[in-house]
Amino acid sequence: MRHFKWSEENEVFLAQIDAEHRELFRIADGLQQAVADKAATAVKQHLHAFIAHAEEHFSHEEWLMQSVRYSSYGWHLQQHNTARRRLKLFAPLVESGEYEAAELLLEFLEGWLRDHITLTDRMMAAHVRNYERANATSALERWGAPLPAETGALPRTRPVL
Ligand SMILES: [Fe+2]
């Protein structure tokens, strides 16, 4: 059974982010298939590709959130860090051919991707779209540009009064 099939339910309505999510699903699907086939080389290749793409994707989102001064940046970053830690923890086990560990990692990724994309990424995307409307700007046009100098530090969540 395929657990990593991208569908419109995963859309966050930011073209670049949706394209990167599709790629994450595609690689995870390949990883799942390789694990099911117990194909050691393919498992390693897909695992490494997933880790590299996830890191690049997380960095994009983190840049994007900072560039629009997203107030829930810290909460979102925490979720990325949870996935980073889990990948780091499981990678050596999966690489050494522990298929049970690979199954556990896939189970984690399935739930994490679903929850993170359908709530956390959608909230971020809604904020980005509102920011773009309010400021007549486009994240895609600014993609990779240096962050505004005045942001310097990471955006902070406003204290609750
Ligand atoms: Fe995210």
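How about segment 7-112: which trypsin sites (Lys or Arg not before Pro) there are in a DSSP loop, with at most 11 other Cβ atoms within 10 Å of their Cβ?
Lys38
Give me the percent relative contact order of segment 1-149, please, defined on Cα pairs under 8 angstrom at least 6 residues apart.
30
Summing -39500 (n - 2.57) over the DSSP H runs of n ≥ 4 in the chain and dividing by its residue number, what mean residue ellipticity at 222 nm do you reach, to the nearest 500 deg cm²/dmol?
-22500 deg cm²/dmol
Tally Lys and Arg at +1 and Asp and Glu at -1 over the other residues with C-beta under 15 Å from the C-beta of Phe13: what net charge comes out?
Taking every Cβ under 15 Å from that of Phe13, the sum is -4.
None of the figures in this text is laboratory data; all of them are computed from the coordinates on show. Since the model is a prediction, treat every value here as computed from it, not as a measurement. Note: ideal-geometry Cβ built from the backbone for every residue, glycine included; neighbour counts use all protein chains shown.
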